[in-house]
Amino acid sequence: MTAPATPTAPDRLLAVLAAFDHAHPALSLTDISRRAGLSLTTAHRLVGALTRWGALERDGAGVYHVGLRSWEIAALAPRGLALRQVAWPYLEDLYEATHENVQLAVRDGGEVVYIEWLAARSSIGVHIRVGARWPLHATGVGLALLAHGEPEFQEAYRTGPLASFTPYTITDPVRLRRVLAEVRRTGAAVSDRQITDDALSVAAPVHGPDGTVTAAVSVVVPHAGAQVPALVPAVRLAARGISRALGWRPNIPRTGEDGPPYSS
């Protein structure tokens, strides 16, 4: 039996950064040591180096937070701040047209990551924030992204474990396959009460310059009284506007649409 690999110096450094998340935005040195699985001495050394560089910041109480230098580096991600800036006018337009929660998301492996969110004042509450992650099959944006993923990835995802959050969450791989085929056919995804039993989302894919799907945009509304036929054109228009702003042109074949269709 092969023994577990000994963590390298980069592994330990990344473990310190990974100790921070939305549930733990501020940590003491002891907390970092425990969450990173490091000795207090090693954690102290690495935290000191990260703080001097600016990746972490230490407040007056001795508590550590993610530093501005980390934000500066993260802002360079092409699927992060740059995409948000391009998409913002179209997200605002979609919000003005619906006055509901509007979201922009990208795929990271088998999860959807939300990179922008416009919250409506009087609309339904949603369990979303910038940086939040959910399984692809359980959200509108996730279905839009999964439907345009590589066929091999789709097959592996469908046949893997499908987490359930409500009685309405898609957990049947055969049903998921049909849903993804419908998403590709219509150009929109509808996720009905999959995360909470009172919300419905309508999403559409965003295409990059080469026609591949790089993101998805959605609007989340109360399930009761949802007017899906009216929401689909608005969401598709927003997605199309973002796609054009990114450099996509309709004459470029798009995987699963103008190009060869996926088997379903």
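The values are calculated or read from the model by the stated rules, or taken from the named source; none is laboratory data. Given the structure is predicted, the values throughout are model-derived calculations rather than measurements. Cβ coordinates were reconstructed from backbone atoms using ideal geometry, including for glycine residues, and neighbour counts include every protein chain displayed. Just the protein is used for accessible areas: all its heavy atoms, side chains included, with ligands, DNA and RNA removed. Shrake-Rupley method; radii C 1.70, N 1.55, O 1.52, S 1.80 Å.
Assorted remarks:
- Conditions (1) in contact with a helix residue (DSSP H, G or I) (Cβ under 7 Å, 6 or more places away or on another chain); (2) open to solvent by less than 20 Å² (accessible area, probe 1.4 Å); number of the one not met by Thr139: (1)
- Cβ pairs under 6 Å, 6+ apart, first in the stretch 172-184 and in contact (Cβ under 8 Å) with a residue 60 or more places away in the chain, second assigned to a loop (DSSP other than H, G, I, E, B): Ala181/Ser264; Arg184/Gly256
- The one condition in (1) modelled with pLDDT of 95 or more; (2) over 17 Å from the mean Cα position of the chain (by Cα); (3) more than 20 Å from Ala238 (Cβ to Cβ) that Asp197 fails to fulfil: (1)
- Pairs with Cβ under 8 Å, 6+ apart, first in the stretch 42-68 and on the phi > 0 side of the Ramachandran plot, second polar (S, T, N, Q) and assigned to a loop (DSSP other than H, G, I, E, B): Gly62/Ser28
- Looking only at the stretch 239-264, and only at residues there that are over 24 Å from Arg84 (Cα atoms) and open to solvent by 50 Å² or more (accessible area, probe 1.4 Å), the one that is modelled with the highest pLDDT: Asn251
- Residue, modelled with the highest pLDDT, within the stretch 102-140, restricted to residues that are outside any strand (DSSP E or B) and of a type in the set (S, T, N, Q): Thr139
- Residues within the stretch 41-56 that are over 13 Å from Leu17 (Cβ atoms) and open to solvent by less than 90 Å² (accessible area, probe 1.4 Å), tallied: 2
- Residue match in the stretch 13-26 (condition: modelled with pLDDT of 90 or more, surrounded by fewer than 13 Cβ atoms within 10 Å (Cβ to Cβ) and farther than 26 Å from Tyr114 by Cβ): no
- Residues located in the stretch 171-202, provided they are more than 14 Å from Tyr157 (Cβ to Cβ) and polar (S, T, N, Q): Thr186, Ser191, Gln194, Thr196, Ser201
- Residue in the stretch 176-194 that is closer than 11 Å to Thr139 by Cα, within 16 Å of the chain's Cα centre (by Cα) and not polar (S, T, N, Q) present: yes
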